[in-house]
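The values are calculated or read from the model by the stated rules, or taken from the named source; none is laboratory data. This one's a predicted model, so the numbers in the text were calculated from it and none came from an experiment. We place every Cβ from the backbone using ideal geometry, glycine too, and count neighbours over all the protein chains shown.
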Amino acid sequence: MRDRRVVRVWFGSRLMTEHHVDRAEAAGFAAAMRHRFAGLRVTDEPAEPSRILAA
């Protein structure tokens, strides 16, 4: 199972975008979002494990 991260860009308390990436890509993506959206909060957090729903 791959280690997944969630990178989010926030405008105050409002979520602007959310991107799910592999751990290896997360730091680079977060850095790109910080550059693109200078002044906004960018978070890089572990993704919640996916839940399999029984049919």
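Go through region 34-45 and give me each residue that's over 9 Å from residue 7 (Cα atoms) and not charged (D, E, K, R).
Residues of region 34-45 over 9 Å from residue 7 (Cα atoms): 34-41.
Scanning region 34-45 gives 35, 37, 38, 39, 40.
In region 1-16, the qualifying residues are those that are modelled with pLDDT under 95 and loosely packed, with under 14 Cβ neighbours inside 10 Å, and the one that is farthest from residue 39 (Cα to Cα) is 1. Within region 17-50, the set of residues being without any contact (Cβ under 8 Å) to a residue 40 or more places away in the chain, in a loop (DSSP other than H, G, I, E, B) and surrounded by 11 or more Cβ atoms within 10 Å (Cβ to Cβ) comprises 37, 40.
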